[in-house]
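Below you'll find the structure, written out as structure tokens, and then a few comments.
The values are calculated or read from the model by the stated rules, or taken from the named source; none is laboratory data. Keep in mind the model is a prediction, meaning the values are calculated, not measured. All Cβ positions, even for glycine, are placed from backbone atoms using ideal geometry, and neighbour counts span all protein chains on display. All accessible areas refer to the heavy atoms of the entire protein, side chains included, with ligands and DNA or RNA removed. Shrake-Rupley method; radii C 1.70, N 1.55, O 1.52, S 1.80 Å.
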Amino acid sequence: MAEFRCLVPSPGPAAEEYSPGARETEGSLSVGDKPDEVSRTKVPGNVTEFTPEIKFQNRKETYRYLCPSAGQFWCRVTGLVFVMASGGELEYQTTHWDMGLLSPTGQLPAGPLFDIRCPQGALTELQLPHCEIDGRRSDFLSVAHVSCGNLEVLSPLEVTQTHVRVSIAGLSLWGLVKSVFRFNVKGQVLLFLRPGDGVNLLPKLNVFVLPENVLLSQVTEQQDCSSTLIQTSSSCKLTPQAMYRVSSSSKKTEIIQPESECFYCSYGPNFHPTFEVFLAHGAMRLDLVLLKCATKDGEKRVWSRIVQLPVPAVETRTPNTSAPQRIALTSSEGWAGALNEVIEELEANEYKKLKNILHQKGMPRGILEDTEKQDLAHRIVSHFGTEVSVHVVKEAMASIPRNDPVIQGLLKPFVEQLR
């Protein structure tokens, strides 16, 4: 039978408070340099920043990194900090919270739940990123450890401005929990565009209002293949259980629904849009504002951006092709497989040109530099969406140029379906 326990470990040695973020040998990241990675300020002290190897399976990301020695290692994708007693391999991914185990403790999730493995047993301490702003966060933040159907709620060694430190006695599942939800948190606004068809189906911008420590990959993996992440600065301050609404003065905005919505610190398992913004055909640019309702001074603006929409924003359809046939030909996995073959055919200088073109089309330079060649196809499809990525790659091959029968033969079945 599943059990839960509340444990309070002995206090550990005091640690210097820091905010992970910059490589040991480089300066801090520029704003917008890597928008799908965790953003933090510069680290004082000896903390090594790394981008893990990322594997995709069924649109879910698994992270792997080989720590070369003892030390502290900060993951740029998840924000996790691993304290290693010696070198060793780390493998980790997000998983779903079991509320049947957690609810009896009186706690609720305060971050993603991570499945972490280190075969060498070298991991001695874990630091989990939180999104709390209130200075009394150490009074209500705890760490949940789930193993073999049992759940332990542990008091942390320390709560810094950005992370919660906990000693590691065994691996399996680790995540943050909290008992108080009335304080402001650091939040994020994520935008995904679903294209229209140029006739009846309007383009739709899905707006996700989430805590800052929800991983982008957790949201992206639940989007359909036609949806495109709109890169924009996302940070804001949010109040749990307060009401918010989205507004736009753009003439291209047709409908925004719902009129208002309550913000909850949700950590899945499902991430649904908080708001839907339906756009007129041909929309290229709009202003978007997130407002907090019913404050003592009236409505308060908490996030405001000019949003530039990608081209093409119309999902074209082939009249002679039925919907099931079209979906089969342009499925994420089918196109990603063909795209991987295209990439493998490229010479070194052609591959470099492709990455430069992808960067010009909006893919962050950091992702392109850190992604292995065999994983780039999935990255391209994940970033642009299936149909937009077909257009982007077709234009890139013409620009490189690679118009030979081998490359064009791989592209042809997908390009023809999008005419």
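Here are the numbers for the structure shown:
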| read-out | value |
| --- | --- |
| Largest-first ordering by accessible area, 1.4 Å probe, given options LEU176, LEU229 | LEU229, LEU176 |
| Potential extension, ASP224-ASN150 segment - 0.36 nm per residue separation minus Cα distance | 23.2 nm |
| Distance between region 192-244 and region 256-305 - C-alpha centres, whole angstrom | 10 |
| With every protein chain in place, region 96-157: carbon and sulfur % of accessible area (1.4 Å) | 49 |
| Of GLN222, PHE271, SER247, farthest towards positive along the dipole that unit charges on Lys, Arg, Asp, Glu beta carbons give region 204-316 | SER247 |
| Region 338-413, accessible surface, carbon-and-sulfur percent (1.4 angstrom probe) | 46 |
| Full-extension gain in nm, THR62 to HIS359, via 0.36 nm per residue minus C-alpha separation | 104.5 nm |
| Dipole in debye (nearest 20) - region 120-240, about Cα centre, beta carbon charges: Lys, Arg +1; Asp, Glu -1 | 300 |
| Within region 129-179: Cβ-based charge dipole about Cα centre, in debye rounded to nearest 20 (Lys, Arg +1; Asp, Glu -1) | 40 |
| With every protein chain in place, region 197-317: carbon and sulfur % of accessible area (1.4 Å) | 49 |
| Subset of LYS60/LYS237; LYS252/LYS292; LYS237/LYS300; LYS60/LYS373 violating a 20 Å alpha-carbon distance limit | LYS60/LYS237; LYS252/LYS292 |
